[in-house]
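Right, one structure below, let's go through it.
Values quoted throughout were computed directly from the atomic coordinates according to the rules given, and no laboratory measurement underlies them. On a predicted model such as this, the values are computed, not experimentally measured, just so you know. As a convention, Cβ positions derive from the backbone with ideal geometry for all residues, glycine included, and neighbour counts pool all protein chains shown.
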Amino acid sequence: MTPADQSHLRILKILDAEPDISQRELAQRLGVSLGKTNYLLLALLAKGYIKAGNFLRARDKLKYAYVLSPEGLAAKLRLTRNYLARKEQEYEALRAEIETIRAGLEHKPCTPGQQGHEASEPGTVK
C-alpha cells in the first residue's frame, strides 16, 4: 500500500463517519497542512470516490459535505482489505521472529556475569 493509498484510506474512513467535517478539521486529524488536505480531497474527487456538496452553514458562509460515492465505498473496502492483509503479514512475521528469539534464549546457557532467568531482590547482589 502506497503512502497515497494510506492517506486516501484514512480520509475515506473519516469522511464516511463525518461527512460534514471541514478541511481544516480534516487536516488536523490527518496531521498534514491544509494545502495537502485540499490536494488529497481533489484527488479523491477526480477519482470519483467522493462527492462534495455545499450548503449554508451560517450567514453567507458555505460549508462542504463530502459524501462517499459507490466507487468511494468500493475503494474504501478494497484499501481496507489490502491494509488488513499487509498488517496480518507483518504480525505473522513478527510473531515468528519473537518465537525464534525466545527459542534461542531458552537454549543459550547463562555465563558468569550475566543475569539469569530468576529475579533477584532489589538491592541484592548475586
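To the nearest 0.05, how large is the calculated FRET efficiency for Lys108 and Lys87 if R₀ is 41 Å and r is the Cβ-Cβ distance? The partial results should precede the final answer.
Working: r = 31 Å, r/R0 = 0.76.
Calculated value: 0.85.
At 0.36 nm per residue, minus the direct Cα-Cα distance, what do Lys13 and Val67 gain on full extension? Give it in nm, one decimal, please.
Separation in residues times 0.36 nm, less the Cα-Cα distance, equals 18.3 nm.
Add +1 for every Lys or Arg and -1 for every Asp or Glu among the other residues with Cβ under 15 Å from the Cβ of Leu73, and state the total. Please list the in-between numbers first.
Details: positive: Lys13, Lys47, Lys51, Lys76, Arg78, Arg81; negative: Asp16, Glu71.
With Lys, Arg at +1 and Asp, Glu at -1, the neighbours total +4.
Mind ordering 43-49, 1-7, 27-33 by average Cβ neighbours within 10 Å, highest first? Display every interim value, and only then the final one.
Details: 43-49: 15.9, 1-7: 11.7, 27-33: 13.4.
Highest to lowest by the protection proxy: 43-49, 27-33, 1-7.
Taking 28 Å as the cut-off for C-alpha to C-alpha distance, list the pairs among Lys87/Lys108; Lys36/Lys87; Lys13/Lys47 that go past it.
As for pairs spanning more than 28 Å Cα to Cα, those are Lys87/Lys108.
Using only the Cα atoms of the stretch 3-90, what semi-axes does the equivalent ellipsoid have when each is the square root of 5 times a gyration tensor eigenvalue? Give whole Å, largest first. Spell out each step's value before the answer.
Values: eigenvalues 126, 40, 21 Å².
Ellipsoid half-lengths, sorted descending, are 25, 14, 10 Å.
Please give the net charge around Glu18, taking every other residue with its beta carbon less than 10 angstrom from that of Glu18, where Lys and Arg add +1 and Asp and Glu add -1.
-1
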